[in-house]
Amino acid sequence: MSTPLLSVKNLEVRYLSATAKAVKGISFEIQPATCLAIVGESGSGKSTTALAIARLLENSANTKASEILFEGKNILNASKKELRKLRRERIGIVFQDPIASWNLSRKVGTQLLDAFDKSERPERREKLIHFMEKVGIDKAAQVIDMYPYMLSGGMMQRAMIAGALLGNPVLLIADEPTSALDVTVQADLLHLLSELRKEQGLAMLLVSHNLAVVSQIAERTVVMYSGEIVEEGPTSTLINSSKHPYTVNLIRSMPAMDQPRKVNLYTNEVRNASSEGCVYANRCPLVIPICNSQKPELQLIGETNVACHRHSEVKKLLEVSNGSITSDS
Ligand SMILES: Nc1ncnc2c1ncn2[C@@H]1O[C@H](COP(=O)(O)OP(=O)(O)OP(=O)(O)O)[C@@H](O)[C@H]1O
Ligand code: SF4
Ligand SMILES: [Mg+2]
């Protein structure tokens, strides 16, 4: 395997206003020109992870890590100036909330071109129009001079994707990049992002609640639960032969590609997860005493890394329970 484009080791994040950590020592890598997805229910720490990598939580959270190596350099040591350059030229970011991410009183183009020197803007403007057209914005030359409040949520999200591609990044961090779009155009836009990825050798960190979305474009997937990684591996293996009970249940509760997000993904139990034992113990139908006293480490089993004392039994238990992982055996 080649040198990773991004290597994250032992990332921990605690929001200043919270007592519990939102992300609890996670590690993963992204290879150049590949897509890694982070999935998990609401509140599991997906966006926090994405924002921490781009060092966008400086004012609201304490972030620690052994390292966040991007193109061989530790982002944790980067100065503000270096970070700005990095975000302008190497890392594109699509935020989860398309409306909150815009200043509604400044024109779309003005905001997206802000990061670039004045002398560069005319050329970048043309490029921005090109990318806006590519992501399906009609009359991009006019939309660029509109105010965000004049656009629909979906259009704002498309414009943000175009803006994120503007600096020719090598890594696109995309947090639920299609969530504000009509379900019928989600697949088109994902396909387009895949094409752009191939054309430009772009790597991607895709955050999504939807494994159906992820399965279309991500080579590898990380499953997060309550700030921890419970399973990680090649996406198809992870979906077809999950070894963690949470992944199994996550797959079962996922809406299909053409269904809207379920509203009941978050549960308070996530916050009360055990700190000594397995993070999933208070919801796991397969829990046994050791799960409450000893934390299962992530270990490589076949092609996937899995953190479960009973990983070898999950498949069998599923068969016994006729495909429904609802009770202990
Ligand atoms: N600004 C903040 N201040 C305090 N706590 C926060 C803040 N943002 C997120 N959190 C908390 O951190 C945890 C992780 O949140 P995060 O937004 O990363 O989850 P997520 O997986 O992206 O969820 P969703 O699918 O809803 O976007 C949650 O418990 C959340 O309540
Ligand atoms: S370690 Fe125990 S509680 Fe945790 S997922 Fe596995 S079986 Fe369930
Ligand atoms: Mg989020």
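Remarks
- Compactness index (Cα Rg / 2.2 N^0.38 Å), the chain: 1.02
- Of Thr304, Thr221, Thr19, the one that fluctuates the most in a GNM where the chain has Cα springs shorter than 10 Å: Thr19
- Residue ranges 126-136, 153-163 sort as 153-163, 126-136 when ordered by packing (mean number of other C-beta atoms within 10 Å per residue, highest first).
- Lysines whose Cα lies under 24 Å from that of Lys9, excluding same-chain neighbours fewer than 8 positions away: Lys21, Lys24, Lys46, Lys64, Lys73, Lys80, Lys81, Lys85, Lys243, Lys295
- Our estimate of slack between Glu71 and Lys85, defined as 0.36 nm per intervening residue step minus the Cα-Cα distance, is 3.7 nm.
- For the range 103-246, alpha-carbon Rg over 2.2 N^0.38 Å: 1.17
- The mean sequence distance of close C-alpha pairs (under 8 Å, at least 6 residues apart), as a share of the length of the range 132-224, puts its relative contact order at 27 percent.
- Applying a length cut-off of 20 Å (Cα extent along the axis) and a mean Kyte-Doolittle floor of -0.5 to the DSSP H helices of the chain leaves 183-200.
- Counting Lys and Arg as +1 and Asp and Glu as -1 over every other residue whose Cβ lies under 12 Å from the Cβ of Pro234, the net charge comes to -3.
- Over the chain: helical MRE at 222 nm, DSSP H runs n ≥ 4 each giving -39500 (n - 2.57), nearest 500: -9000 deg cm²/dmol
- Placing a label point 7 Å from the Cα of Val185 along the Cα-to-Cβ line, the residues of the range 195-236 whose backbone N sits under 18 Å from it are 195-196.
- Environment charge at Gly25 (Cβ cut-off 12 Å; Lys +1, Arg +1, Asp -1, Glu -1): +3
- Relative contact order for the chain, counting Cα pairs under 8 Å that sit 6 or more residues apart, in percent: 19
- Each peptide in 111-123, 187-199 was scored by the mean count of other Cβ atoms within 10 Å over its residues; highest first, the order is 187-199, 111-123.
- Averaged over residues, the count of other Cβ atoms within 10 Å places the peptides 200-207, 72-79 in the sequence 200-207, 72-79, highest first.
- The GNM of the chain, with springs linking C-alpha atoms under 10 angstrom apart, assigns the highest mean-square fluctuation among Val306, Val222, Val314 to Val314.
Every read-out reported here was derived from the displayed coordinates using simple, explicitly stated rules and does not represent laboratory data. From a predicted model like this one, the values you see are computed outputs, not experimental measurements. Cβ atoms come from the backbone with ideal geometry, glycine included; neighbour counts cover every protein chain shown.
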